[in-house]
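FYI, it's all coordinate maths here, none of it is from the lab. Given the structure is predicted, the values throughout are model-derived calculations rather than measurements. With ideal geometry, Cβ positions are generated from the backbone for all residues, glycine too; neighbour counts draw on all protein chains shown.
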Amino acid sequence: MKITPDISTFQNQNQNEFKIPLYQYLNKLLAEKHLSKSELVERINPNDKHIYHILSGLKNPSRKKILAIARAMELNLDETNYLLRYGGFAVLYVRDIWDSIIIHAIEKNLTIMETNLILDKLNQPLLNANPKDSDEDKK
């Protein structure tokens, strides 16, 4: 989004933000990152066929699932927060222990498995623990 001096200029310059559905935006990101849907699923959890439903628009992802997708695509912090906003969720918040671990994982470019090892060590919910965690705003 662009910073502007007044609200009408802001609305005019940002009117195209969030125009396409989330699943189409995710597919656009996949193309930009040169990843196939199957490669994305493999990086998240080979047993998680729910990702295919998200990418086809049949299911809505939870915040946690969006973060797993972002990690699997190796998005940076700005891209990840943009994707969260695009999905209608809060951006990562450094004062939240779980969020701060995810921020660390992004900054260190950790895989989902490496991220989950840290989360587990700190008794936090894993990033991809439940393949069917759709439509939930909770981590």
| query | Under unit Cβ charges (Lys, Arg +1; Asp, Glu -1), what dipole magnitude, rounded to 20 debye, does segment 7-121 have relative to its Cα centre? | reply | 340
| task | Give me the distance in nm between label points sitting 7 Å out from Cα along the Cα-to-Cβ direction at Gln124 and Asp6, one decimal. | result | 4.4
| request: Would you mind checking the pairs Lys28/Lys65; Lys37/Lys121; Lys37/Lys59 and listing those with alpha carbons more than 26 angstrom apart? | output: Lys37/Lys121
| request: Could you list Val91, Val41 in order of exposure, starting from the residue whose Cβ has the fewest other Cβ atoms within 10 Å? | output: Val91, Val41
| note | Most exposed to least, judged by fewest other Cβ atoms within 10 Å, Asp6, Asp120 sort to Asp6, Asp120
| task | With unit charges on the beta carbon (Lys/Arg positive, Asp/Glu negative), name the residue among Ile106, Ile118, Ala70 whose Cα is farthest towards the positive pole of the charge dipole of segment 7-121. | result | Ala70
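When only Cα pairs under 8 Å and 6 or more residues apart are kept, what is the percent relative contact order across segment 7-121?
Worked out over segment 7-121, it gives 21 percent.
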| query | With a 10 Å Cβ neighbour count serving as the proxy for reagent exposure, in which order, fewest first, do His53, His104 appear? | reply | His104, His53
